[in-house]
Amino acid sequence: MVNGWINTAAGQFLIGNGIDGTAENPDGGNGGLWFGDGGDGWDSTEAGVAGGDGGNAPGWLGDGGDGGDGGAGADGGDGGAGGTWMGNGGNGGGGGASLDPTINGGNGGAGGNASGWFFGHGGNGGIGGGGADGIAGTFANGGDGNGGSGGLGGSGGNGGRSGFMFGNGGNGGNGGRSGNGGDGATGTLDHPDGGNGGDAGVDWSSGHGGAAGARGSTIFTSPTYGQAGQFGHAADGGNGGNGGNAYQDAEGNYLGNGGNGGTGGYGGGYTKPTGIGADGGNGGNGGAGINGGNGGNGSTASLSGSGAGAPVGKGGDGGDGGFASAGKGGNGGSGASGRGGGGGNGGNGGDGATDDPTVQTIGGNGGSGGAGFAPGSGGTGGNGGNGTYAGGNGGSGGSGGSGGGHAGGDGGNGGNSTGWQHDGTTYSRGGNGGAGGRGGAGTDTTAAGIGGAGGAGGDGATGPGVVSVGGNGGNGGNGGANAGSVLAGGGAGGDGGAGGSGGNGTASGGNGGAGGSGGNGATTAGNGGDGGAGGTSGGVETPANDLGFGPSHAGNGGNGGAGGKGGGYVTGGSPSTDPVGGNGGTGGNGGNGAGAIDGGTGGSGGNGGAVGDTAGGLGQPGGAPVGTTGGTGGTGGQGAHPAPAE
């Protein structure tokens, strides 16, 4: 009553709240010129129509109205400004999720500023709307069977500024996730191959988190007056669609090949990092068929924006390869590089059928692990798939990221082989192990990362009439180098990774992988990695063949890695009294032989690293190297003597 009388007498709207928005008038009304809150914006119920903006509070006291949520695929409204003496900014409306992968999700509205001189919190930014998933593939009506690409997500709104004296800035809104790729269609009689999975929605700027609202004063800077808001989280990348399986007849036999998996999407805001970084999307899995489809590659994580804190995004994992009924399993997809959360893991290679030894199948190769890139460990390589004739090779591990202490990823193991009958003999070959990734570089106060271990070679088949060869072990990754110059607590090089052991075979064992070299250090250098043990031979002589199987032998042990060089200097150029070069790695033992097959040769020990006894310039090793202890050579395997009677 009083408000109405005052407003009537003054001929102006002095006291009272603004009206809320409607479909006809979406924006909220402003509050009174003296006192009153702004009205809320209209929440859109119509696809493609944005939400209304919140009304302002232009008077001394009052909160800004909240922005309305956007309709499907439309932006949210901005929050209104708070009062001039006291009052909070309104929150931004949320962007509408898209229902159509060709239309982006809506962006979140910006939070309103707190205009008050004395007190007021900034409004929070609205969340971005999600992108729609890609449409599943179909062969109907002339379709090609491939899954559609996912849509793009909207970005989060920025937080509003705080009041001048007291109050916090508003939080940025979270980004909307891009859609997943659609799955490929299962094959049909007319189209026996499975369709490929669709890629996730990919754009280098969409889906980022909103910026944090700032403090409204450069004078009242103590945290007791208030703080800036929190940054919004960027959205994780969508996942690639799975490849479709091939068509199967009434007996369950595949008549085509499996489809390939789709590629994952980038973490939100990849080239526009205003918020907290996000994970990359995973690749889709390959479909099953005569030959399996390949797994899709993962995608890269996004960085955190300036001031948003440490990077946290993990690279997407590669998809697994598909099953093969009578051919080769699909290869695993590659993992992608991370931005603080580590590299993505490589996908595993698809298995080949192993229930019928008369059918030649080969396991798929494992995908490589992604690099840590920024702080974070390298991803692990995928394992090779199993098969009758041959196992797939393991994928290589990713390199560790810089920043200190981040290890390289381990290599994947080679796949095993169960044996394939050919010209009256069963042949079998294990897959090779993948190489370990390099350790990341260190800092003045943190040791460098260790190298990843090499993957083990796969085993060949066993039993009467089997001629099998074990796979070779993967080499260990080199340890990370350190160019720091502080003796206490850091400056050390990373140790090299151990080589993988060779697989066993009835005819030949696989060779062990070499150990990785130790990294150079400003103080203590890294030790070389140990060589992997050679695989054993069961003593079976390899007959003449057209498959490339050579003379039988036991596997040799891998050589030990060389030790790194010590630096011999500290901050200011003063020489250290005890810089230590790394020890060489121990050589791997040779595999045992049998029958007339000799044991394998032991690997050589790695050379010890050199140290500097004369100070060098910053970041440079000292001169006059002096060797340290080398690694021990591996022991040769024992053969059976005398050979057993035939």
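A short reminder: the numbers here are calculations on the coordinates, not readings from a lab. Note that this is a predicted model, so its numbers are computed, not measured. In this analysis, Cβ positions are derived from the backbone assuming ideal geometry, glycine residues included, and neighbour counts consider all displayed protein chains.
What to note about this one:
- Counting beta carbons within 10 Å around each of Arg438, Arg339 and listing the fewest first gives the order Arg339, Arg438.
- Distances between placed amide hydrogens fall under 5 Å for Gly496 paired with Gly451, Gly479, Gly518, Gly519, Asn527, Gly528, Gly529, all partners being 5 or more residues away or on another chain.
- Thr45 paired with His422, simple spin-label distance in nm, labels 7 Å along Cα-to-beta-carbon: 7.0 nm
- Residue-wise HN-Hα coupling along segment 148-163, computed from phi with Karplus coefficients 6.51, -1.76, 1.60 (Hz; x: Gly, Pro): x, 6, x, x, 9, x, x, 9, x, x, 6, x, x, 6, 7, x
- Where labels lie 7 Å past Cα in the beta-carbon direction, separation of Thr8 and Thr445 in nm: 7.1 nm
- Phi to ³J(HN,Hα) by Karplus 6.51 cos²θ - 1.76 cosθ + 1.60 over segment 289-298, Hz, x for Gly, Pro: x, 4, 10, x, x, 7, x, x, 7, x
- Using the Karplus relation 6.51 cos²θ - 1.76 cosθ + 1.60 with θ = phi - 60°, the per-residue 3J(HN,Hα) values for segment 86-93 come to 9, x, 9, x, x, 6, x, x Hz, with x marking Gly and Pro.
- Distance between the C-alpha centres of segment 331-391 and segment 182-198: 23 Å, rounded to the whole angstrom.
- Surrounding net charge for Gly606, when Lys and Arg each add one and Asp and Glu each subtract one, Cβ distance under 12 Å: -2
- Between Ala140 and Thr358, the modelled label-to-label distance comes to 4.0 nm, taking each label 7 Å out from Cα in the direction of the beta carbon.
- The chain: relative contact order in percent, alpha carbon pairs under 8 Å with at least 6 residues between: 5 percent
- Residues Asp100, Asp53, arranged from fewest to most other Cβ atoms within 10 angstrom of their Cβ, appear as Asp100, Asp53.
- A simple count of charges around Tyr225, restricted to other residues whose Cβ falls under 14 Å of its Cβ and scoring Lys, Arg +1 and Asp, Glu -1, yields +2.
- Measuring nothing but alpha carbons in the chain and taking Rh as the Kirkwood radius, the Rg to Rh ratio lands at 1.16.
- Furthest towards positive pole of dipole, Ala136, Asn124, Gly566, structure part the chain, Cβ charges: Gly566
- Taking each residue as 0.36 nm, the span from Asn25 to Leu255 lengthens on full extension beyond its C-alpha to C-alpha distance by 76.7 nm.
- For segment 112-260, the square roots of the Cα gyration tensor eigenvalues, ordered a ≥ b ≥ c, give a/c of at least 1.5 with a/b greater than b/c, which places it in the prolate category.
- Seen through its C-alpha gyration tensor, with square-root eigenvalues sorted a ≥ b ≥ c, segment 16-129 comes out oblate because a/c lies at 1.5 or above while a/b is not bigger than b/c.
- Estimated at 0.36 nm per residue, the fully extended path between Leu99 and Ala596 surpasses their Cα-Cα distance by 171.9 nm.
- Counting Lys and Arg as +1 and Asp and Glu as -1 over every other residue whose Cβ lies under 14 Å from the Cβ of Ala407, the net charge comes to -1.
- Sorted by Cβ neighbour density within 10 Å, fewest at the top, the residues Asp249, Asp75, Asp133: Asp249, Asp133, Asp75
- Distant-in-sequence amide contacts of Thr426, defined by a placed amide H-H separation under 5 Å and a gap of 5 or more residues or a different chain, comprise Val467.
- Cα-Cα P(r), segment 168-246, percent of pairs per 5 Å interval: 5, 13, 13, 12, 9, 9, 9, 6, 6, 5, 3, 4, 2, 2, 1, 0
- Distance from segment 240-261 to segment 129-156 (C-alpha centre basis), Å: 20 Å
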